[in-house]
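**Student:** Below: one structure in structure tokens.
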Amino acid sequence: MEGEGMLIDKNIEILQQNEMHWIGNLTPSSITHEFISSEDSRAEYFKDKYGKVYRSEDLYDKSYGITPLKKEIIFVIGINSINELKELYKKINKDSFLVVIEPNLSFLNYVLYYKSLDLFQNKNVILFSDNIERLNDFIRGFFSNYGLLGLAKNINFYQTDYYRKYDMEITKQCLQIIREVVRNLILSVGNSIEDGLDGLKNNLENLKWLEKSKDVSQLKNRYKDKPAIVVSAGPSLNKNIKELKRAKNKAVIIAVDTIVNKLLIEDIVPDFVCSVERVPEVYEYFYKDKNIPKEVTLVGPPLLDTRIFSEFQGEIILPMRKGVAEYNWLKQLLVLNDDSFIEMGSSCAHVAFGLAMHIGASPIILVGQDLAYGSKEGESHASGTIYESKVQAQKAESLIQDYKIEGYYGGLVSTTYIWGYFKQWFEAQISNQQLFVINATEGGAKISFTVQKPLKETIDTYCLEEIDSVERMVKTINTYGINIGDMKGALYKELDYFSTFKEKCTDQLKSIKELKINYSSSQKKLTKAIKELQKSNYIMNEIIRHDLLRHNLQSIVVKFLWDINGIEQVINARNILKNKEIQIKMLIPTIVCVEQIEDYINDALKNYI
């Protein structure tokens, strides 16, 4: 027993050295498999809680194909076969990552006591061992590193012996989660440079409205432990919308832009209306000539169409968008604090939910949050919204109704990849922040980690006492207090930085274009060319380091890393010519992007500040 204790202490020490590991809590209920005996060092017997016995061999699968000349991320299912993992690690590229996923905590518990985890001293060997429901969060965090996201197209999967033989179902679940998260991450960085620059243009144009905005940091926890209802525009809202009137002044009512006019028609005046998209249609559909009462406060990032802010009658609050590099740049520019940020995700419903979190509301009550089609074919929004007429005609092309997920009432419901991504965001926030969230949608998709309860019962239970007037509270908080002179000075400094950076990009582009490489080039010339190409590392590092560059060039960075990581690590003319072509494709749009950033900053200094 003394040896066991020494082994577990050493193993824990090893795992503590890498913060990328994700280890769940070992509890008696998580131990479902018990070690019985072993034949030798290569085979062991386990018994599950039902008495079924399993024989697991610690042998490498020789049929598995390895590509040692390319960097990869290899997701391995199962930790018990340590020798199998070591054999696999020997065969992969030295710069590849081995991510070991063990969804059965019984095996982690056994390995901690009886096997050495010295393999995990290597920084490129990562362990996830927890309930499979947390795998989504781990994968998203893992790929938050740009270098790792750059390997997202070089992914392979390997099953250790136990999972190859006995648990293909859990393997399939793991693979499905990984693929879905990676697909959504790729979608999230897939915007064109033009798309990102359009957002910058709006953010700079709206700097004048930031000066007038109420300070969102002063909203922090203003309604701690008071109920908030997030009203979205899903088709299920038709059945319970009238219940919302009873919650007025007894819960903070936060509406998405899509539904606010429908609420007003029903004589339900929300406390907040939230928007996130910059497209002109948001102004034209939801704000133009809509006469939203002054008691409603607008919440949205400075990304929005500037006409929304100029015509809105009530108070405006322009929070920074948490997790978005461009807003970190604005934070430094405007000298704002961390509480000026809220979670916004990718939809107006995410903004509304993020606001509810920011004000400390509990429970947060979801209504109209279907994230799936309604009972009628193609029904995507509540009746009486602009989408009832405008979206139906293009639903097949724009929403891609092509997969099913678990429904609110069980069974399967039809959804889209975009809505699936929105659902993942809600689930990650609820799980990570340990929020008390009631899904009172009464239809659509099931949202994990929520309590499902009818809206009438929810209001009867939680919306009993009067809360402080939101309208009066908002009027009492200060504006951001932005110093225009300091802001101008900071922008001029940024212009100097971008001018210098653009010059370095232009010089590097010229040098790379002048490289003369062909298939008869000597090894000495090839080595010299590699050194010249490696000078672009400075440019790539600067893009990743600088918040605004990273935000606007993230699609270029990720595409560059995908293409570079697709080249075999062999010095020959073919690979160097590929590298040269990839770098030129990276540098040209980078220079164009920096020039456009300079133009927009100059326009802001001249016209808007």
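**Student:** Before I look further, what does segment 421-568 give for accessible area per residue, probe 1.4 Å, in whole square angstrom?
**Tutor:** 51 Å²
**Student:** Related question: Using the per-residue mean of other Cβ atoms lying within 10 Å as a proxy for protection, in what order, highest first, do the peptides 257-267, 231-241 fall?
**Tutor:** The densest-packed peptide leads the list: 231-241, 257-267.
**Student:** When the dipole is taken about the Cα centre of segment 64-223, and only Lys, Arg (+1) and Asp, Glu (-1) are charged at their Cβ, what size is it in debye, to the nearest 20?
**Tutor:** Charge dipole of segment 64-223: 200 debye, to the nearest 20.
**Student:** Relative to the compact-globule scaling 2.2 N^0.38 Å, provide the ratio for the alpha-carbon radius of gyration of segment 59-175. Mind dumping the intermediate values first?
**Tutor:** Numbers: Rg = 13.5 Å, N = 117, 2.2 N^0.38 = 13.4 Å.
Normalised Rg, Cα atoms only: 1.00.
**Student:** Oh, and also: Using a cut-off of 14 Å between beta-carbons, work out the net charge of the residues near residue 171 (Lys and Arg +1, Asp and Glu -1, residue 171 not included).
**Tutor:** Here the count lands on -1.
**Student:** Within 10 Å, at most 14 other Cβ atoms, and a DSSP state outside H, G, I, E, B define an exposed site. Report the longest part of the chain free of exposed chymotrypsin sites (Phe, Trp or Tyr not before Pro).
**Tutor:** Answer - 65-408.
**Student:** I've got another one for you. Test of understanding: express the Cα radius of gyration of the chain as a ratio to 2.2 N^0.38 Å, with N the residue count.
**Tutor:** Normalised by 2.2 N^0.38 Å, the Cα Rg of the chain equals 1.09.
**Student:** Summarise the accessible area of the chain (1.4 Å probe, protein heavy atoms) by the percent that is carbon and sulfur.
**Tutor:** Ligands and nucleic acids excluded, carbon and sulfur give 48 percent.
**Student:** Let me ask something else about it. Want the number for residue 53 to residue 471: 0.36 nm per residue separation, take away the alpha-carbon distance, what's left?
**Tutor:** 144.0 nm
**Student:** Before anything else, pin down the relative contact order of the chain: Cα pairs under 8 Å, at least 6 apart, normalised by residue count, whole percent.
**Tutor:** Over the chain, the number comes to 15 percent.
**Student:** Report the convex hull volume per residue for segment 525-609, counting only C-alpha atoms, in Å³.
**Tutor:** 89 Å³
**Student:** Among 526, 318, 602, whose Cα sits farthest toward the positive end of the charge dipole of the chain (+1 at Cβ of Lys/Arg, -1 at Cβ of Asp/Glu, about the Cα centre)?
**Tutor:** Final value for the positive-end residue is 526.
**Student:** Could you calculate the contour length gain from residue 490 to residue 588, that is, 0.36 nm times the residue separation minus the distance between their Cα atoms, to one decimal place in nm?
**Tutor:** Going from the current span to full extension adds 32.6 nm.
**Student:** Can you give the local net charge around residue 152? Use residues other than it whose beta-carbon is closer than 13 angstrom to its beta-carbon, Lys and Arg +1, Asp and Glu -1.
**Tutor:** Around residue 152, the surrounding residues sum to +3.
**Student:** By how many nm would the segment from residue 418 to residue 338 grow when fully extended, if each residue of separation counts as 0.36 nm and the alpha-carbon distance is taken off?
**Tutor:** 25.9 nm
**Student:** Okay, next question. In straight Cα distance, which aspartates and glutamates are under 20 Å from residue 516, not counting same-chain residues fewer than 8 positions off?
**Tutor:** Here the aspartates and glutamates satisfying the reach criterion relative to residue 516 are 507, 532, 581.
**Student:** Using the Cα atoms of segment 217-359, I'd like the radius of gyration and the largest Cα-Cα distance, Dmax, both in angstrom.
**Tutor:** 14.8, 47
**Student:** If we count every other residue with Cβ under 14 angstrom of residue 486's Cβ, Lys/Arg +1 and Asp/Glu -1, where does the sum land?
**Tutor:** +1
**Student:** Note the direction-averaged projected area, equal to a quarter of the hull surface, for the Cα convex hull of segment 99-163, in nm².
**Tutor:** Answer in nm², one decimal: 5.1.
**Student:** Could I ask something else about it? Probe 1.4 Å, all protein chains in place: accessible area of residue 500 in Å², nearest 10?
**Tutor:** Per-residue accessible area (residue 500): approximately 70 Å².
**Student:** A follow-up question, please. Any idea how far apart residue 497 and residue 526 come out in nm if each label point goes 7 Å out from Cα toward Cβ?
**Tutor:** 4.0 nm
**Student:** Using a Förster distance of 30 Å, how high is the FRET efficiency between residue 225 and residue 290, based on the Cβ-Cβ distance and rounded to 0.05?
**Tutor:** For residue 225 and residue 290, the calculated efficiency is 0.35.
**Student:** Here's a follow-up. At q = 0.17 Å⁻¹, what log₁₀ I(q)/I(0) does a Debye calculation on the Cα points of segment 152-289 give, no solvent, two decimals?
**Tutor:** The computed values of log10 I(q)/I(0) come out as -1.08.
**Student:** Leaving ligands, DNA and RNA out of it, work out the accessible area of residue 476 with a 1.4 Å probe and give it in Å² to the nearest 10.
**Tutor:** Roughly 90 Å² of residue 476 is accessible to a 1.4 Å probe.
**Student:** While we're on this one: Once the mean 1/r over all distinct Cα pairs of segment 1-84 is inverted, what Kirkwood radius in angstroms do you read off?
**Tutor:** Hydrodynamic radius (Kirkwood, Cα pairs) of segment 1-84 is 16.1 Å.
**Student:** Give the ranking of 129, 63 by solvent-accessible surface, highest area first, calculated with a 1.4 Å probe.
**Tutor:** 63, 129
**Student:** Along the positive direction of the dipole of segment 56-208 (beta-carbon charges: Lys, Arg +1; Asp, Glu -1; about the Cα centre), which of 174, 107, 157 reaches farthest?
**Tutor:** Going by the Cα projections, it comes out as 157.
**Student:** Right, here's the next one. For segment 461-609, I need the span (max minus min coordinate) of the C-alpha atoms along each principal axis, in Å, sorted largest to smallest.
**Tutor:** Reported extents, whole Å, longest axis first: 81, 48, 18.
**Student:** Under the Kirkwood approximation for Rh and a Cα-based Rg, what ratio Rg/Rh is obtained for segment 403-549?
**Tutor:** 1.25
The values are calculated or read from the model by the stated rules, or taken from the named source; none is laboratory data. Computed from a prediction, not measured in an experiment: that's the story for all the values here. Glycine gets a Cβ as well: all are built from the backbone with ideal geometry, and neighbour counts include every protein chain shown. Accessible surface areas use protein heavy atoms only, side chains included; no ligands, DNA or RNA. Shrake-Rupley method; radii C 1.70, N 1.55, O 1.52, S 1.80 Å.
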